[in-house]
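Below: the structure, in structure tokens.
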Amino acid sequence: ASPNTASTPVADPTLSTDDLSKDQRRREARKDEAKAAKADAEADRLKRLAQHKKEQERAKMAASGTKSAAGPKQTGKDAKISGGMKAVVQDGKLVWE
């Protein structure tokens with residue numbers, strides 16, 4: 001016992017826009033508008049997310065910059081590297097002082 005398919009309206013995907021009824025064309029247009037609005041909203045969301053991430057990165061860089069800039073920096077011979085240790089070669093061996 002197969003169901004009566006003649007009484008149930010089914011949209012045929014092979015129909016062109018000329019074959020669609022007025023209501024079907026309206027529904028299709030509404031659906032297209034909704035898709036476009038959703039795509040616009042998603043693009044806006046991604047744009048705002050990227051901007052937020054940039055601001056977070058700037059804030060992070062500014063915070064880390066203020067911490068490292070707190071002490072005076074030394075350059076040249078007097079600069080301390082590796083926690084103030086000095087590398088010296090004694091008897092052909094590298095010695096850290």
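Numbers below:
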| quantity | calculated |
| --- | --- |
| FRET efficiency, A50 to K22 (Cβ-Cβ, R0 41 Å, nearest 0.05) | 0.45 |
| Model label zone, M61; criterion: amide N under 11 Å from point 7 Å along Cα-to-beta-carbon; scope the stretch 33-49 | none |
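Any read-out appearing in this document is the output of simple, stated calculations on the displayed coordinates, not a laboratory observation. What you see is a predicted model; the values in this text were computed from it and never measured. Note: ideal-geometry Cβ built from the backbone for every residue, glycine included; neighbour counts use all protein chains shown.
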